[in-house]
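Below: the structure, in structure tokens.
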Amino acid sequence: MYAIVDANNFYASCERLFNPTLAKTPIVVLSNNDGCVIARSNEAKALGLKMGDPYFQIKHLVNKHAIKVFSSNYAFYGDMSNRIMTVLESNWPETEVYSIDEAFLCLNSLPQSQHTFFCEQLQKKVRQYTGIPVSIGIGPSKTLAKLANHVAKKQLKAPVFNITSERQWLQQIEVGDVWGIGRKWGQKLNRLGVYTAYDLSMVEARTFKRKFNVIMERTILELRGISCIAIEKSEPKKEIVSSKSFGQLQTEFNPIAEALSSYAARAVEKMRKQGSLASTISVFIRTNPFRKDLPYYSKSTGFQLINPTDDVRAITKYAKMCLRQIYRQGYHYKKVGIMLGELINNTQCQFNLFDSQSDEDKEQSDKLMQVLTDINHKFGRHAIHLAAEGVNRYQPWKMRSTFKSPHYTTNWHDIPVVYAN
DNA sequence: TCTGGGGTCCTAGGACCC
DNA sequence: TCTGGGGTCCTAGGACCC
């Protein structure tokens, strides 16, 4: 038996948390660069705003209905996420953090009769300790728990729903809303006469494995209540990507190299946090695919490192080498990014037989990197960085973030002040 | 003017091995 | 006429998730 805890309109709920006057106001949160809608409060959903709508296309609705708009504030959402996960983990041992706003619990060690009550208590506790409303779905497989959560939110408007003895709900759920069925598969299933979650649970699993793949077979079995996907403990990432669209299109090499250097630093930071070294590095660059009036260009390149490393100087140097290979003058670039791959544990590094780097070099690099990490941890990200990231205050490639809320919970200067009379 | 970022898994096909 | 059987590794592309 599984439960899935899923925050309601997570980013929108976070923005509301320190701004209670917005309790009834429609809210949307935009993606990086203030590009698309990625979160909506219930009021905004009711006004017909869709996930992924480009902001510039919905601006008229924003004005018409006085919708409150926020740029995404991941430092804030990430911190709220940690708080929620801490509440869950300290109240239940078998939890799996599944995404920034979701966690699975394995309930097998609790008697069936207590599942619903336990989750109701947990739901209240999260609300009380963090201020964020969550919904919990319960079922005999992860897929059914997700489905129960969907029913709780969309149909019942209830905080907790246990689908175990209420399987008739499967007939109410469109097959495209099933966890693991995306747009393409949803359409293909419709063409095969499968329209609801119930329909899918009744098809012959082996036939559909042939028509799709083994993931489809598992989803079918899971819908029947046969659990095929267990709780997974968090593994280190196998690859780490850092990329962003520019605030304005870029044509020159230098600002793009600056942006790339800053993403490289970000990628290294993430990689060092999980204790890995990169064995491969690749860089990609592309123009804006939506601009039909400008020539399109997209290219990537990369290479294998002889010595896996987590030294930001080395990785930045190699990244810029890659960029030099693929940069062409005359294009309007929209995005650049770096990918660190074949990550290995930094304690299991296999040294190269023909390694020219001495042990002292390595030791010094390790120490230097640790000092950088420590300084930035103490004085804030970016307190110290490579000059390659740029030293001018004006960075034309920086993303737009026009409507960003304060870092309420992660920055001393942004902590809200409350006056009591 | 304006359209996100970061991941994982699976399959097919080609190259290669004995 | 007829052309083995069994395997690994790599890559590209497509699908999915949040």
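Descriptive notes on the structure:
- Residue in region A:395-404 that is outside the structural domain of A:Y55 (by TED's automatic domain parsing) and away from DNA strand B (no atom under 16 Å from the Cβ) present: no
- For the condition outside the structural domain of A:C106 (by TED's automatic domain parsing) and on the phi < 0 side of the Ramachandran plot, A:I215 does not qualify.
- Within region A:202-236, being touching an Asp or Glu at 6+ places or on another chain (Cβ under 6 Å) and under 25 Å from A:E166 (Cβ atoms) holds for A:A205, A:C228, A:I231.
- Qualifying positions in region A:248-275 - more than 16 Å from DNA strand C (Cβ to nearest atom) and surrounded by fewer than 17 Cβ atoms within 10 Å (Cβ to Cβ): A:Q248, A:T251, A:E252, A:F253, A:N254, A:K273, A:Q274, A:G275
- Filtering region A:42-77 to residues that are away from DNA strand B (no atom under 12 Å from the Cβ), without any contact (Cβ under 8 Å) to a residue 40 or more places away in the chain and under 19 Å from the mean Cα position of the chain (by Cα) leaves nothing.
- Hits in region A:137-151 - residues which are within 16 Å of DNA strand B (Cβ to nearest atom) and either of a type in the set (F, W, Y) or out of contact with any helix residue (DSSP H, G or I) (no Cβ under 8 Å at 6 or more places or on another chain) (or both): A:K146
- Looking only at region A:378-399, and only at residues there that are outside any loop (DSSP other than H, G, I, E, B) and surrounded by 10 or more Cβ atoms within 10 Å (Cβ to Cβ), the one that is modelled with the lowest pLDDT: A:F379
- For region A:384-403, a residue qualifies if it is touching a residue at least 60 places away in the same chain (Cβ under 8 Å) and under 15 Å from A:G247 (Cα atoms), and the qualifying residues are A:Q395, A:P396, A:W397, A:K398, A:M399, A:R400, A:S401, A:T402, A:F403.
- For region A:216-240, taking the residues that are out of contact with any Gly (no Cβ under 6 Å at 6 or more places or on another chain) and outside any loop (DSSP other than H, G, I, E, B), the one that is nearest to A:L147 (Cα to Cα) is identified as A:L223.
- Selected residue (only one of A:E217, A:E258 is over 23 Å from the mean Cα position of the chain (by Cα) and in contact (Cβ under 8 Å) with a residue 40 or more places away in the chain): A:E258
- When every residue of region A:288-305 is checked against the conditions, none turns out to be within 22 Å of A:H385 (Cα to Cα) and touching a strand residue (DSSP E or B) at 6+ places or on another chain (Cβ under 7 Å).
Results for (1) within 30 Å of A:L107 (Cα to Cα); (2) part of a helix (DSSP H, G or I); (3) of a type in the set (A, V, I, L, M, F, W, C); (4) away from DNA strand C (no atom under 16 Å from the Cβ), shown as yes or no for each residue.
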residue	(1), (2), (3), (4)
A:D6	yes, no, no, no
A:C14	yes, yes, yes, no
A:K45	no, yes, no, no
A:A66	no, no, yes, yes
A:F70	no, no, yes, yes
A:Y77	yes, yes, no, no
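The values are calculated or read from the model by the stated rules, or taken from the named source; none is laboratory data. Note that this is a predicted model, so its numbers are computed, not measured. Here the Cβ is made from the backbone with ideal geometry for all residues, glycine too, and neighbour counts use every protein chain on show.
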